[in-house]
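The values are calculated or read from the model by the stated rules, or taken from the named source; none is laboratory data. Worth saying up front: this structure is predicted, and the values here are computed from it rather than measured. Accessible surface areas use protein heavy atoms only, side chains included; no ligands, DNA or RNA. Shrake-Rupley method; radii C 1.70, N 1.55, O 1.52, S 1.80 Å.
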Amino acid sequence: NVLRISRLEKNELDLKKERLDLHEIIEEAMAHVELIVEDKEGYIQTHFGALRSSILANHAHFTNVIVNILDNAVKYSPEKPKIDIYTENVKNYIVMKVRDQGSGMSKPVQKKIFEKF
């Protein structure tokens, strides 16, 4: 993974991107975690406000990103996981927001989130 990330940062990794529907990718990612959520008696709901949901991305990698976000939301929920996923269009962009009941990251950790290692 470290080698792959290094190659990606140097633009040496050829990721095939295609036109995808973000809402479909979110629903696909939800399928990976919904049994765990149900087992813990929680919920995962979508609130798709974006009218334009087309994105340019690599299907496998982008799905994996969303699955990881949802998996962390489940994993770090102190009680029953309550997960809401929102989309909206802001100018020419699409914004996805995930709200959960987890403790979140401390301010010092947030400042380091984009630092290598």
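Structure data summary
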item	result
Segment 57-117: proportion of alpha-carbon pairs further apart than 18 angstrom, %	53
Length-normalised contact order for the chain - Cα pairs under 8 Å, 6+ apart - percent	25
Accessible area of the chain divided out per residue, in Å², using a probe of 1.4 angstrom	76
For segment 16-26, Karplus couplings with θ = phi - 60° (6.51, -1.76, 1.60), whole Hz, Gly/Pro x	6, 9, 9, 6, 10, 9, 4, 4, 5, 5, 4
Nonlocal amide H pairs with Q101, under 5 Å, H built at 1.01 Å	K82
Amide proton proximity set for I44, modelled H, under 5 Å, gap of 5+	I83
Entries in K16/K112; K75/K97; K40/K82 that, when Cα-Cα distance is taken, lie over 20 Å	K16/K112
³J(HN,Hα) computed for each position of segment 48-56 - Karplus, 6.51 cos²θ - 1.76 cosθ + 1.60, integer Hz, glycine/proline x	7, x, 6, 7, 10, 10, 7, 10, 10
Vicinal HN-Hα couplings computed from phi for segment 28-37 (Karplus, 6.51 cos²θ - 1.76 cosθ + 1.60; Hz; Gly/Pro x)	5, 5, 4, 4, 6, 10, 5, 5, 5, 4
